[in-house]
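To start, the structure itself, in structure tokens.
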Amino acid sequence: MSNEIEAIKDPGLPAHVHRRADTDPKAALKAERQVAILFLLSALGTLTLIGSYFFIPQDAFIFFPVLGNTNAHQLFLGLGMAASLFFIGMGAIHWAKTLMPDEEVIIQRHEFRSEDEDRADLIATAKAGAAAAGLGRRSLIKRSLALSLGLVGLSPLILLRDLGPLPGDELKKTSWKAGTRLVTDPGDRPIRADDLEVGAVAQTLPQIGEGVHRKLSDIGKDAVLLIRLRPEEFNLDAERLSWTHEGIIAFSKICSHMGCAVALYEQQTKHLLCPCHQSTFDVTRAAKVIFGPSARPLPQLAITVDSEGYLIAKQPFSEPVGPSFWERSS
Amino acid sequence: MTASERIAGTVANYVDERTGAAKWMKKNLTKVFPDHWSFLLGEIALYSFVILLLSGTFLTFWFDPSQREVIYDGSYAPLKGLEMSAAYASTLDISFEIRGGLLMRQIHHWAALIFMAAIVVHLMRVYFTGAFRKPREFNWIIGVGLLTLGIVEGFLGYSLPDDLLSGTGIRIAEAIIQALPVVGSYLAFFTFGGAFPGEAFIPRIYTVHVLLLPGAFLALITVHLMLVWYQKHTQYPGPGRTEKNVVGYPLFPVYMAKAGGFFFIVFGVTAFLGAVASINPIWLYGPYTPGQISAGSQPDWYMGWLDGLVRMAPPLETYLFGRTISWNILIPGLIVPGILFTGMALYPFIESWMTGDKREHHLLDRPRNAPNRTALGVMSLTFMLVALINGGNDIIAITFDLSINQIMWFSRIGIFVLPPLAFVITKRLCLSLQRADRDLVLHGRETGRLVMMPHGEFVEVHEPISPEKAWLLTQHEQNPPLALEEIDLRGVRRPGVLKNKLRARLSKAHAVAIPKVTAEDLKAIENH
Amino acid sequence: MKRLSQFRRHRIVAPLLLVLALLSIGTTFSIAGAATGEPITAAERSALIDEGQRIFLKGCSSCHGINLEGSAIAPALIGVGAASVDFQVGTGRMPVADMSVQIARKDPVYNEKQVEALAVYVASLALGPEIPGEEHLNYERDGSTAEGGELFRTNCAMCHNFAGQGGALTQGKYAPTVMGVKARHIYEVMVTGPQSMPVFSDKTITPEEKLSIIKWIKAAEAEPQLGGASLGRVGPVTEGLLVWTLGLGLLVGVAVWLAMKAR
């Protein structure tokens, strides 16, 4: 197609160059020895592995530059294994390269396309088969088969239904109720407003009954971060300000982007940073997103104190916590 | 005939009488494989897969894929007495109670990283040399499928130990599922058997990780290899190599010894890494709980680009009729990767459409001789690299004293600016290299020797290059762009003018080349 | 305490506090005693205060003001307490060498004695968190590693990384590594919340829990490499880097050798 202009000629496969081992028996012997040495090194590796397995205690340590003070059992077990495998490979390849024939071989490719005759035969066979089965005529069979095959595909979908419950309003609610005390995580101790100095943070969870097991799926929605600022540092509307208590503000710790725990609080800038995708929230402005991929502020939990002075939730979260989902309204 | 020969003969006879294997074996043992280091990249992936099967099987003997809560009572003191899932506890036990368990865990994880890296470099080799062209388009698609499966399989494996890092990864995966319009929260609840994290996820993904996906891998790899076998390997151009032949070494014994040996090398190197370098030290991460997080929470590298895209996404959500669409998750998490991978899978067909080339190709292209393709490849890699860098922006920031905000802005702008820039630069570079090839064939090699001419001028002596080299530099085809007339022979406008215009433009861009040296050019020079 | 901390940054209260503090010198023996672990006499104490004042006027007052009132470039030090001074000066963060986004740890400019004098001087002017005494820092005896790890992962790891190696914050700021920091300084840092770091109150993380955290940090610091080179203990990023360099490098190297014709 393009070679109307005369191209430079293919000089053909260059003449074969013999290796030293092909012509010099001494070189061949040397190569043979090298291969044998490589295989022996592999055997040595296996012995190291066996020795390390049985004789190096699991709590033995050895210092190596770069690695540091390393577990000797694991290190020598691994090095032995590495050597036992690596040198088998080296030996085999060296053998193949130096002693096995290295004369280039040329074979011809075949065309993938079938002969026209074969193609025609196939088409005839297929047509004959289809005609014999009555595929073209018996449309009742065809349609009912299509229907049944289509329906059969549904059954695995149906059978998988019980993989889990329907979400219901699970994504929308948390364990926080009006009056729930905030307790430390870990430790489960209730917190008084006085317990936090300005600039202090506390990781908290809702209080649960003594001996009740806290489920991870609850922590995944309930985790709350308490931060104490000076009240005048807030830049909140009246409602949100009323959700704080003496400069203490509470946010859901579950990121509104993808649900990581947002707890990197920078005391000087009053910014919260999510370590997963670096959404940054301004605490003084009700966790408004000021950087990163999150589209929504962290939900704020309204807090106050109870008669004993312990911090409690004033009301449940006013919006679902955590990442967005289809049924979420804003 | 020696005794062993007699025994071998008997066995061979027994088998052949029942299978007729001799004919097939005879044909295939003499099959020829071309030798080039870049043809071994796919083998690295294949062998890593075998290593993964072996080491993975070892791990299953002790791993307990359950999210049942247990109290840890093993030998790693800093976690003693803590509540954790049985999955995490048994991973600790594999690491500290089972001799060689930690080694196997590390080999398994290193092998997974090597597997993915080898797939990517193999893919790059196939792409840049044009090995995906007819008749190998099916194998290209299978390869893209294997890459995709590999990412999923790797992520599931990373998730199984239920440590703080992997739990964070699952949390993010759950958020992506949950963000799907209409079905998101239902799918999430079905996947996790209820609210995240629940107790069902790890047992479920365990089955997928050790049974379903490895099975799919085995099937796809088998087809992949059978096609390579049947279609015979491509080869690099060179003297004596044509579209009709294969030049190389026979399967038996040379290639078998080399390939077999290379398996042991790959296993050995993986074991070496497992011995000397710690990977996924889950005992330091601690057990997963949704209330905890570590700075620098990253996925493994093959997911890093995805994480980087998610990080740089704009904070966009749409609220309509009481429903939420999270563009900040859907675009970087599903739409962009979907476009990238679909485009990649379809590329062989796109290129053949652009060039109109429907012929078989068994001789590989030198990347410089397909400037458009090479530039597109480098452009895609640049895109991935920017995304990957952003995926590690926090680690980069703290290591090089930079700001995550700066890196993020660099990535946000760079992801749009750098790939096209890479395209332009690469294309020009390819054409320059073509020009250099042309000069080399026409004027020979610069020797560095200066000779003074009689009239005092200094000239450098050029040595003519060998005929083999000259052939290598000029053997490639240079096809003119498609001639797509808007009006057909009868003077009627063809349908689909716009499509044809686009095709013609693309075809023209694809055909840009520095004219290669012809025999006539050489003759002209000689006569000069 | 709470009221105090709320008001301590008000300019108006500064002189008031100063007077109050000077009056209460005699009653605050324990502050000075805590730093050395042994009681000192009133005379020694006032000598320390004098020494501290001398150092302060020479090395600190140009930024922090003659009366600790602060300036445009440096915060007021009234009420920051001895713990804060001991941490900032004892870890070399103060005096500042260069005014970048964050003040980094470096070799301390002042020796232990001078740091103590400075701390006593600053604390003598207004109350604040005290330097924990050695007897309060027996983390080996009073702490629990496992509990400390849990606390660390909940309260510290988000900034300082799972193994205390440090991590990035916004705008080029960072949480430094907690490896190689004295137990006393770790304690002080939790109580005072320097720079970007928030305060961790004694009520939400009790002193015993703080000791547990320190014990865990010290255990992490001393932990040998259980699985080979640690790669910085920063997670999958360095692992990926190693696989693409050493791992693939070795394998491709062997592949090149394999395909090379033997001579």
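Round to the nearest 10 and give me the degree value, 0 to 90, for the angle of helix B:256-276's Cα axis relative to the longest principal axis of chain B.
Long axis of B:256-276 versus the principal axis of chain B: about 40 degrees.
Nearest 20 debye, what's the magnitude of the dipole of the protein assembly as shown about its Cα centre given +1 on Lys and Arg Cβ and -1 on Asp and Glu Cβ? Write down the numbers at each step before the final one.
Numbers: 104 positive and 103 negative charges, 659 e Å.
Dipole size: approximately 3160 debye.
Could you tell me which helices of chain A pass both thresholds, a Cα extent of 24 Å or more along their own axis and a mean Kyte-Doolittle hydropathy of at least 0.0, with helices taken as whole DSSP H runs? Write down the numbers at each step before the final one.
Values: long enough: A:25-55 (44 Å, 1.01); A:72-98 (37 Å, 1.02); A:116-133 (26 Å, -0.04).
Passing helices, by number: A:25-55, A:72-98.
In whole Å, largest first, what are the principal axis extents of the Cα atoms in chain C?
Result for chain C: principal-axis Cα extents of 91, 41, 31 Å.
For chain B, take the convex hull of the Cα atoms, compute a quarter of its surface area, and give me that in nm², please.
Values: hull surface 161.1 nm².
Quarter of the Cα hull surface area: 40.3 nm².
Straight distance only, please: which lysines reach the Cα of B:Lys23 with their own Cα at less than 18 Å, same-chain residues fewer than 8 apart left out?
Answer for B:Lys23, where 18 Å is the Cα cut-off: B:Lys31, listed by chain and number.
Note down the nm distance, to one decimal, between modelled labels 7 Å out along Cα→Cβ at B:Leu431 and at B:Arg445.
Between B:Leu431 and B:Arg445, the simple spin-label model gives 2.9 nm.
Please list, ordered by chain and number, the residues whose modelled amide H lies under 5 Å from the amide H of A:Ala60; skip anything fewer than 5 residues away on the same chain.
A:Ala72, A:His73
List A:Trp243, B:Trp110, B:Trp471 from most exposed to least, where exposure is judged by having the fewest other Cβ atoms within 10 Å.
Values: A:Trp243 19, B:Trp110 27, B:Trp471 22.
Least crowded to most crowded, the residues run A:Trp243, B:Trp471, B:Trp110.
According to a simple spin-label model (label point 7 Å from Cα along Cα-to-Cβ), what is the distance in nm between C:Glu221 and A:Val66?
Calculated label separation equals 2.8 nm.
Give the order of A:Ser307, C:Ser71 when sorted by the count of other beta carbons within 10 angstrom, beginning with the fewest. List each step's numbers first, then the result.
Numbers: A:Ser307 6, C:Ser71 12.
Fewest to most other Cβ atoms nearby, the residues stand as A:Ser307, C:Ser71.
Of A:Ile62, A:Met90, A:Ala21, whose Cα points farthest to the positive end of the dipole of the range A:20-98 (charges on the beta-carbon: +1 Lys, Arg; -1 Asp, Glu; origin at the Cα centre)?
A:Ala21
Could you check which residue among A:Glu210, A:Glu239, A:Glu103 shows the biggest mean-square fluctuation in a GNM of chain A with a 10 Å Cα cutoff?
A:Glu103
How do B:Tyr206, B:Tyr72, C:Tyr121 line up, fewest other C-beta atoms within 10 Å first? Numbers along the way, then the final one.
On the way: B:Tyr206 20, B:Tyr72 17, C:Tyr121 25.
Neighbour counts put them in this order, fewest first: B:Tyr72, B:Tyr206, C:Tyr121.
Using the Cβ atoms and a cut-off under 12 Å, what net charge is assigned to the surroundings of B:Thr289, where Lys and Arg are +1 and Asp and Glu are -1? Write out the running numbers ahead of the final one.
Numbers: positive: A:Arg214, A:Lys215, A:Lys253, B:Arg171, C:Arg153; negative: A:Asp185, A:Asp218, A:Asp222, B:Glu69, B:Glu83, B:Asp162, B:Asp163, C:Glu150.
After counting each charged neighbour, the total is -3.
Treat every Asp and Glu Cβ in chain C as -1 and every Lys and Arg Cβ as +1, leave all other atoms uncharged, and give the resulting dipole magnitude about the Cα centre to the nearest 20 debye. Please list the in-between numbers first.
Values: 24 positive and 24 negative charges, 193 e Å.
Its charge dipole is roughly 920 debye.
Determine the distance separating the Cα centre of the range A:249-269 from the Cα centre of the range B:126-181; give it in Å without decimals.
Cα centroid to Cα centroid, the span is 30 Å.
Can you pull the Rg over Rh of the range A:20-98, Cα-only, Kirkwood?
Working: Rg = 16.8 Å, Rh = 14.0 Å.
Ratio of gyration radius to Kirkwood radius: 1.20.
Calculate for chain B the 222 nm mean residue ellipticity that helices alone would give, adding -39,500 (n - 2.57) per DSSP H run of length 4 or more and normalising by residue count, nearest 500 deg cm²/dmol. The partial results should precede the final answer.
Working: 21 runs with 320 residues, N = 528.
Computed ellipticity for chain B at 222 nm equals -20000 deg cm²/dmol.
Computed on alpha carbon atoms, what radius of gyration and Dmax characterise the range B:395-528, expressed in Å?
24.3, 69
Compute the distance in nm between two label points, each set 7 Å from the Cα along the Cα-to-Cβ direction, one at C:Val109 and one at A:Leu40.
6.7 nm
Between B:Asn245 and residues 5 or more places away or on another chain, which pairs have amide H atoms under 5 Å apart, with H built 1.01 Å from N, and which residues are they?
Close amide H contacts, sequence-distant or interchain: A:Arg109.
Per residue of chain A, what 222 nm ellipticity follows from adding -39500 (n - 2.57) for every DSSP H run with n ≥ 4, rounded to the nearest 500? Intermediate values should be presented prior to the final figure.
Values: 8 runs with 112 residues, N = 330.
It comes out at -11000 deg cm²/dmol, rounded to the nearest 500.
What shape does the range A:182-313 have by the C-alpha gyration tensor, where a ≥ b ≥ c are the square roots of the eigenvalues, rounded means a/c under 1.5, and otherwise prolate means a/b greater than b/c and oblate the rest?
Numbers: a/c = 1.89, a/b = 1.16, b/c = 1.63.
Here the range A:182-313 falls in the oblate category.
Using the structure shown, list the pairs from A:Lys314/C:Lys210; B:Lys469/B:Lys508; A:Lys9/B:Lys244; B:Lys80/C:Lys215; B:Lys244/B:Lys358; A:Lys97/B:Lys244 with a Cα-Cα distance above 19 Å, or answer none.
On the way: A:Lys314/C:Lys210 30 Å; B:Lys469/B:Lys508 29 Å; A:Lys9/B:Lys244 16 Å; B:Lys80/C:Lys215 14 Å; B:Lys244/B:Lys358 16 Å; A:Lys97/B:Lys244 27 Å.
A:Lys314/C:Lys210; B:Lys469/B:Lys508; A:Lys97/B:Lys244, as the Cα separations exceed 19 Å there.
Based on the alpha-carbon gyration tensor of the range B:374-464 and its eigenvalue square roots a ≥ b ≥ c, which shape applies: rounded if a/c is under 1.5, prolate if not and a/b is larger than b/c, or oblate?
Here the range B:374-464 falls in the prolate category.
Nearest 20 debye, what's the magnitude of the dipole of the range B:13-127 about its Cα centre given +1 on Lys and Arg Cβ and -1 on Asp and Glu Cβ?
Values: 10 positive and 10 negative charges, 134 e Å.
Roughly 640 debye, rounded to the nearest 20.
Give the residue from A:Gln207, A:Cys276, A:Ile191 lying farthest towards the positive end of the charge dipole for the range A:182-313; charges sit on Cβ (+1 for Lys and Arg, -1 for Asp and Glu) and the dipole is referred to the Cα centre.
My answer, from the dipole projection, is A:Cys276.
If you average the alpha carbon positions of the range A:52-98 and of the range C:45-86, how far apart do those two centres end up, in angstrom?
58 Å
If you take the beta carbon distance between B:Leu54 and C:Leu246 as r and set R0 to 30 Å, what does 1/(1 + (r/R0)^6) give as a FRET efficiency, to the nearest 0.05? The partial results should precede the final answer.
Values: r = 22 Å, r/R0 = 0.73.
The formula returns an efficiency of 0.85 here.
Just to confirm the filter: which trypsin sites (Lys or Arg not before Pro) across the range A:90-123 are DSSP coil and have at most 14 other Cβ within 10 angstrom of their Cβ?
Values: sites: A:Lys97, A:Arg109, A:Arg113, A:Arg119; in loops: A:Arg109, A:Arg113.
Sparse-neighbourhood loop trypsin sites (Lys or Arg not before Pro): A:Arg109, A:Arg113.
What does the helix-only formula give at 222 nm for chain C: each DSSP H stretch with n ≥ 4 adding -39500 (n - 2.57), the total divided by the residues, and the result rounded to the nearest 500 deg cm²/dmol? Before the final figure, lay out the partial values.
Numbers: 14 runs with 135 residues, N = 263.
That comes out to -15000 deg cm²/dmol.
Taking the dipole about the Cα centre of the protein assembly as shown, with the C-beta of Lys and Arg at +1 and of Asp and Glu at -1, give me whichever of C:Ile205, A:Thr244, C:Gly92 is farthest to the positive side.
Of the candidates, A:Thr244 comes out farthest on the positive side.
Could you work out the relative contact order of chain B, using alpha carbon pairs under 8 angstrom and six or more residues apart, expressed as a whole percent?
Values: 642 pairs, mean separation 87.2, N = 528.
Averaging sequence separation for qualifying contacts and normalising by length gives 17 percent for chain B.
List the lysines whose Cα sits under 18 Å from the Cα of A:Lys127, skipping any in the same chain fewer than 8 residues away.
A:Lys142
From the square roots a ≥ b ≥ c of the eigenvalues of the alpha-carbon gyration tensor of the protein assembly as shown, which class results: rounded (a/c under 1.5), prolate (a/b over b/c), or oblate? Walk me through the numbers before you get to the answer.
Working: a/c = 1.90, a/b = 1.75, b/c = 1.09.
It comes out prolate by the Cα gyration axes.
Any idea what the alpha-carbon Rg over 2.2 N^0.38 Å comes to for chain A?
Numbers: Rg = 37.1 Å, N = 330, 2.2 N^0.38 = 19.9 Å.
For chain A, the normalised Cα radius of gyration is 1.86.
Along the range B:48-59, what does the Karplus equation 6.51 cos²θ - 1.76 cosθ + 1.60 (θ = phi - 60°) give for ³J(HN,Hα), rounded to whole Hz, x for Gly and Pro?
Values per residue, Gly and Pro as x: 4, 5, 4, 4, 5, 4, 5, 5, x, 4, 4, 5 Hz.
Quick one: what are the phi-derived ³J(HN,Hα) couplings along the range B:62-70, Karplus 6.51/-1.76/1.60 with θ = phi - 60°, whole Hz, x for glycine and proline?
10, 6, 10, x, 9, 9, 4, 7, 10
Hey, what did chain A get for relative contact order, percent, Cα under 8 Å, at least 6 apart? Provide the component values of the computation, followed by the final result.
Working: 474 pairs, mean separation 41.2, N = 330.
Relative contact order comes out at 12 percent.
For the range B:31-295, compute Rg over Rh where Rg is the Cα radius of gyration and Rh is the Kirkwood radius from the inverse mean 1/r over Cα pairs. Kindly include the intermediate steps, with their values, before the conclusion.
Working: Rg = 21.4 Å, Rh = 20.5 Å.
Here the Rg-to-Rh quotient is 1.05.
Non-local amide H neighbours of C:Gly167 (under 5 Å, H modeled in plane, Pro and chain starts lacking H): which ones?
The answer is C:Ala175.
Whole-Hz Karplus ³J(HN,Hα) for the range B:154-161, in order, using 6.51 cos²θ - 1.76 cosθ + 1.60 and θ = phi - 60°, x for Gly and Pro?
These are the phi-based 3J(HN,Hα) values: x, 4, 5, x, 5, 7, 4, x Hz.
What is the ratio of the Cα radius of gyration of the range A:164-246 to 2.2 N^0.38 Å, where N is its residue count, to two decimals?
Working: Rg = 15.0 Å, N = 83, 2.2 N^0.38 = 11.8 Å.
Cα-based Rg divided by the globular estimate yields 1.27.
Since every read-out is calculated from the coordinates, none of them should be taken as a lab result. Bear in mind that the values here come from a model prediction, so they are computed numbers and not experimental data. All Cβ positions, glycine included, derive from the backbone under ideal geometry; neighbour counts span all protein chains shown.
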